[in-house]
Structures are given as structure tokens and as C-alpha cells.
Amino acid sequence: MYKIILSTLLLSISTVSVKADALHRNPYQNASSANMQTFGNTSIPIGAYEYCERYSERCQYPPRSSLLELTRNTWEKVVSINTNVNMTVRPMTDMEIFGVEERWELPKDSGDCEDYVLAKKQELARIGVPMGAMRVTVVYDENDGGHAVLTLVTDLGDFILDNNNNRVLRWQEAELTYIKRQKPGNLLRWESLNPKG
């Protein structure tokens with residue numbers, strides 16, 4: 001009964017003033033599925049590869065769980081962390097910060113989309129969210145630009161944490177085209193979210 005009430009609450013929270021859903025952008029995904037379907041192994045983004053070369057200890061965790069059991073308390077913390085990181089980190093490109101086109105780093109005070117994702121993963125891990133339930137996800141944004149978000153895989157479905165949106169949305173409601181995401185607990189292994197690869 002509690003899960004039904006929480007699921008209804010999450011659905012009502014996440015659908016408030018959503019412009020459009022992502023399903024028209026992802027016709028190969030099943031609209032009725034709570035979690036995104038994956039389509040086998042794919043390549044690792046260069047930024048992730050180089051990040052893991054620098055910080056191998058941050059990249060592989062034996063996942064004690066690849067699913068978060070979502071409670072009301074955890075939901076409130078997830079929403080708070082998403083908003084807090086979005087408001088605290090100043091958006092800047094890697095070229096502006098590091099003088100290179102692509103570099104994934106935990107942000108000190110500024111960063112780009114992947115850096116927001118890494119900061120959110122760190123903060124969520126601190127409150128006990130399993131590393132296996134957090135997946136760095138490469139997407140195209142609503143303007144078809146390359147982007148990265150954090151997918152949180154839960155018993156109530158996949159939710160998207162995006163530095164361009166303080167609302168935590170169900171995957172179907174985010175105006176994104178899903179390309180690929182890391183495998184559970186392993187930033188060095190990736191899986192496709194598109195059957196065309």
C-alpha cells in the first residue's frame with residue numbers, strides 16, 4: 001500500500017508543468033516500461049575513459065544493489081541533492097576551466113554536465129544510494145546537443161537528474177534522446193539505450 005501511495009505521489013510531482021515527454025524522441029523505448037530498455041554493450045565516452053585513468057578507485061564498485069528502493073524520505077533527499085548541486089555548481093565549459101574540449105572532474109565550484117553528474121553521484125552515495133543504482137547517461141538534449149544526466153534506477157522506475165532541470169523526472173517525461181549509459185557500478189563499461197547502437 002505504501003509503495004502505491006509513493007508511486008502516485010511521485011507521478012504527480014514529476015509531471016507538473018512538463019512541456020512534453022521524451023517518447024517521441026525515443027521510439028525504440030517501451031512507453032509503458034518503468035525502466036529503460038538496454039540493447040547490449042557499447043563504447044565508453046572518452047571523458048569517462050580518461051577520468052577512470054586518473055581516478056581508477058572511483059570507477060568500479062561491486063554493486064551491492066543495482067536498484068534503489070525508493071521511500072518518501074529518500075525521494076526528498078534525491079530532489080534536494082539535485083537542486084543543491086544545480087544551484088551550487090556554476091556552469092562552465094571544459095575549455096573555459098581546463099583549456100581542453102572534454103574533461104570529466106568532480107567540480108570545485110564550476111563544471112559542465114558530466115561534472116554535475118559526478119557531484120550528484122558523490123552526494124547520493126553519501127546518503128546511502130547504491131552505486132549500482134546510479135548510471136551516468138549520455139543523451140541529446142531538447143536542442144539536440146550532446147549532454148549527460150544521471151539516471152537513478154529504482155523499484156518505481158528510472159528517474160533523471162539533470163543540471164538543466166531542478167525537477168527529478170521519470171525517464172519518459174524528460175525531453176531527452178537517450179544514447180547510452182554506464183553499467184551498474186562500473187564507469188568503464190557501457191550499454192546502449194538505442195537498438196541502432
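The values are calculated or read from the model by the stated rules, or taken from the named source; none is laboratory data. It should be emphasised that the depicted structure is a prediction, and the values quoted were computed from it without experimental measurement. Counting neighbours? That spans all protein chains shown, and the Cβs are built from the backbone with ideal geometry, glycine included.
Can you pull out the residues in region 52-96 that are assigned to a loop (DSSP other than H, G, I, E, B) and more than 13 Å from Val129 (Cβ to Cβ)? The answer is Tyr55, Cys59, Pro62, Val89, Met92, Thr93. Taken across region 164-182, residues that are of a type in the set (Lys, Arg) and over 24 Å from Val89 (Cα atoms) do occur, with at least one present. Within the option set Leu161, Leu169, Leu156, Leu176, being closer than 22 Å to Ser43 by Cα and either over 12 Å from the mean Cα position of the chain (by Cα) or modelled with pLDDT of 95 or more (or both) holds for one residue only, Leu176.
Table: residues versus (1) more than 18 Å from the chain's Cα centre (by Cα); (2) modelled with pLDDT under 95.
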residue	(1), (2)
Met1	yes, yes
Ile5	yes, yes
Ser17	yes, yes
Ala22	no, yes
Arg25	no, yes
Asn30	yes, yes
Gln37	no, no
Thr42	no, no
Gly47	no, no
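This table checks each residue for (1) surrounded by 15 or more Cβ atoms within 10 Å (Cβ to Cβ); (2) over 20 Å from Ser192 (Cα atoms).
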| site | (1), (2) |
| --- | --- |
| Tyr55 | no, yes |
| Lys108 | no, yes |
| Ala119 | yes, yes |
| Glu123 | yes, yes |
| Gly146 | no, no |
| Phe159 | yes, no |
| Asn163 | yes, yes |
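Going through (1) more than 26 Å from Gln60 (Cβ to Cβ); (2) surrounded by 22 or more Cβ atoms within 10 Å (Cβ to Cβ); (3) of a type in the set (Ser, Thr, Tyr) one by one, Thr177 falls short only on (2). Of the strands (runs of 3 or more DSSP E) lying entirely inside region 158-197, the ones with 1 or more residues being among the hydroxyl-bearing types (Ser, Thr, Tyr) are found at 177-183, 186-192. Consider region 125-144 and keep the residues that are crowded, with 17+ Cβ neighbours inside 10 Å and of a type in the set (D, E, K, R). The one that is nearest to Glu69 (Cα to Cα) is Arg135. In region 83-105, the condition of being among the acidic types (Asp, Glu) and touching a residue at least 24 places away in the same chain (Cβ under 8 Å) is met by at least one residue.
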